[in-house]
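Inspection log for the structure reproduced underneath, given as structure tokens.
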Amino acid sequence: MVELRGLSEAVSAVILFAVTLSISVAGFMYVMFYLDRNQASVEFGYVKSVFRNIAVSALEQPFKLEYSYPFNYVSIGFTTRSFNLTLVVNNNPRVVGNITALTAVVRRNLVQGFNIVYGVNSSFLPSGHPGMLVYEYYQQGASFLVLDPSVVTYQVVYVNSTQGVKARVTFMVSNFTGLNRPDRPPEVYGQGLLVLRHDPSRDVDILYTNVTSLTIYINGKQVQLPPDIQAALSSSSYGIEVELRIIKIGVMVG
């Protein structure tokens with residue numbers, strides 16, 4: 001009887017130890033999961049603030065921006081966005097092709113669905129609105145953040161000329177290119193440092209004069225001309241000026 005009691009106590013001790021160990025392991029795993037997710041969320045949030053800061057910059061002005069960011073979980077790269085802007089000026093089309101967007105990805109489920117972080121979800125906006133869109137989404141086990149420059153902004157100004165006051169309509173769209181090679185995509189050498197530079201001398205700037213007819217297509221859909229552009233076109237029998245400016249922002253990730 002004494003032996004059975006001793007055996008029972010030993011079995012109870014083993015069971016108690018096993019239960020305690022299981023609880024400890026479960027608690028440890030939960031803590032590790034929490035710390036892992038928290039660190040990934042912190043890094044993703046930091047890059048989100050970086051992308052937002054870039055989007056609010058005066059893109060048409062010269063600038064150089066440098067950001068150091070943690071990269072244990074997050075990585076920054078780029079992707080080509082299917083984009084088409086066609087300006088038909090006096091029946092002559094001018095086409096701007098695909099745009100390069102910056103991306104950040106974390107292999108964790110940090111995002112629910114599709115969310116606008118900054119900007120207006122529209123491809124055609126008047127000057128003064130954000131010229132870039134920052135959004136996030138979740139797909140196939142990863143959270144993605146995108147800094148998308150495929151937003152066309154426009155501005156109507158009236159300038160003095162030899163023929164009197166003339167209207168000028170300026171269309172502007174940005175694109176990310178190589179830091180040292182504006183004819184190439186962004187340069188990615190590593191992670192941890194993001195450098196952006198805008199040198200206006202590298203921009204594409206096209207000016208049309210004596211414009212009497214103007215049609216705009218974005219991604220194959222005709223855009224209804226806003227009232228201020230319609231008013232500009234009808235303001236002079238000599239026609240107006242139309243400027244197309246492509247802002248090339250050099251990027252290096254390393």
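Does segment 59-75 hold any residues that are under 10 Å from Gln191 (Cβ atoms), outside any loop (DSSP other than H, G, I, E, B) and among the hydroxyl-bearing types (Ser, Thr, Tyr), and which are they?
Ser75
Restricting attention to segment 76-89, which residues are out of contact with any strand residue (DSSP E or B) (no Cβ under 6 Å at 6 or more places or on another chain) and surrounded by 12 or more Cβ atoms within 10 Å (Cβ to Cβ)?
Asn84
Go through segment 145-201 residue by residue and tally those that are within 19 Å of the chain's Cα centre (by Cα) and either hydrophobic (A, V, I, L, M, F, W, C) or more than 19 Å from Phe83 (Cβ to Cβ) (or both).
The number of residues fulfilling the criteria is 19.
Would you confirm, using the coordinates I've provided, whether Arg197 is buried (at least 16 other Cβ atoms within 10 Å of the Cβ) and within 16 Å of Ile246 (Cα to Cα)?
So Arg197 passes the test.
Name the single residue that is nearest to Ile206 (Cα to Cα) among those in segment 91-106 being touching a residue at least 60 places away in the same chain (Cβ under 8 Å) and surrounded by 13 or more Cβ atoms within 10 Å (Cβ to Cβ).
Taking the candidates together, the pick is Arg94.
Need the failing condition index for Gln139 against (1) closer than 16 Å to Gln222 by Cα; (2) without any contact (Cβ under 8 Å) to a residue 12 or more places away in the chain, just the number.
With (1) closer than 16 Å to Gln222 by Cα; (2) without any contact (Cβ under 8 Å) to a residue 12 or more places away in the chain applied to Gln139, the lone miss is (1).
Suppose the filter is in contact (Cβ under 8 Å) with a residue 40 or more places away in the chain and over 24 Å from Gly250 (Cα atoms); does Pro126 pass it?
Yes.
Determine the pairs where a residue that is among the β-branched types (Val, Ile, Thr), located within segment 223-239, has a partner that is surrounded by fewer than 15 Cβ atoms within 10 Å (Cβ to Cβ) and not in a loop (DSSP other than H, G, I, E, B) with Cβ atoms under 9 Å apart, the partner being 6 or more residues away or on another chain.
Matching pairs, first to second residue: Val223/Thr215.
Of all residues in segment 164-191, which are among the aliphatic types (A, V, I, L, M) and either exposed (fewer than 12 other Cβ atoms within 10 Å of the Cβ) or free of Cβ contacts under 8 Å to residues at least 60 places away in the same chain (or both)?
If the condition is that a residue be among the aliphatic types (A, V, I, L, M) and either exposed (fewer than 12 other Cβ atoms within 10 Å of the Cβ) or free of Cβ contacts under 8 Å to residues at least 60 places away in the same chain (or both), then Val165 is the only one that fits.
Having 2 or more residues that are closer than 20 Å to Val95 by Cα is the bar; report the strands (runs of 3 or more DSSP E) wholly within segment 135-215 that clear it.
Filter on segment 135-215 gives 152-161, 164-178, 204-211.
Among the listed residues Ser143, Ser127, Ser122, Ser174, which satisfies the condition of being under 26 Å from Lys48 (Cα atoms), in contact with a helix residue (DSSP H, G or I) (Cβ under 7 Å, 6 or more places away or on another chain) and among the polar types (S, T, N, Q)?
Ser143
If I go through segment 72-98 residue by residue, how many of them are over 11 Å from the mean Cα position of the chain (by Cα) and closer than 24 Å to Leu244 by Cα?
18
Among what's in segment 152-163 and is exposed (fewer than 14 other Cβ atoms within 10 Å of the Cβ) and of a type in the set (A, V, I, L, M, F, W, C), pick the residue that is nearest to Ile229 (Cα to Cα).
Taking the candidates together, the pick is Val157.
Let me spell it out: the conditions are (1) touching a residue at least 12 places away in the same chain (Cβ under 8 Å); (2) at negative phi; (3) polar (S, T, N, Q), and Asn210 meets all of them except one. Which number is the exception?
All conditions are met except number (2).
If you go through segment 77-93 one residue at a time, how many are of a type outside the set (A, V, I, L, M) and assigned to a strand (DSSP E or B)?
Total meeting the criteria: 8.
Within the set of pairs 6+ apart or on separate chains, which have a first residue in segment 35-57 that is within 16 Å of Leu145 (Cα to Cα), a second that is surrounded by 15 or more Cβ atoms within 10 Å (Cβ to Cβ) and polar (S, T, N, Q), and C-beta atoms under 8 Å apart?
Listed by first residue and then by second, the contacts come to Phe44/Ser143.
Quick note: the coordinates plus some simple rules give every number you see, no bench work behind them. What you are looking at is a predicted structure, and each value in this text was computed from that prediction instead of being measured. Please note: Cβ atoms are built from the backbone with ideal geometry, for glycine as well, and neighbour counts cover all protein chains shown.
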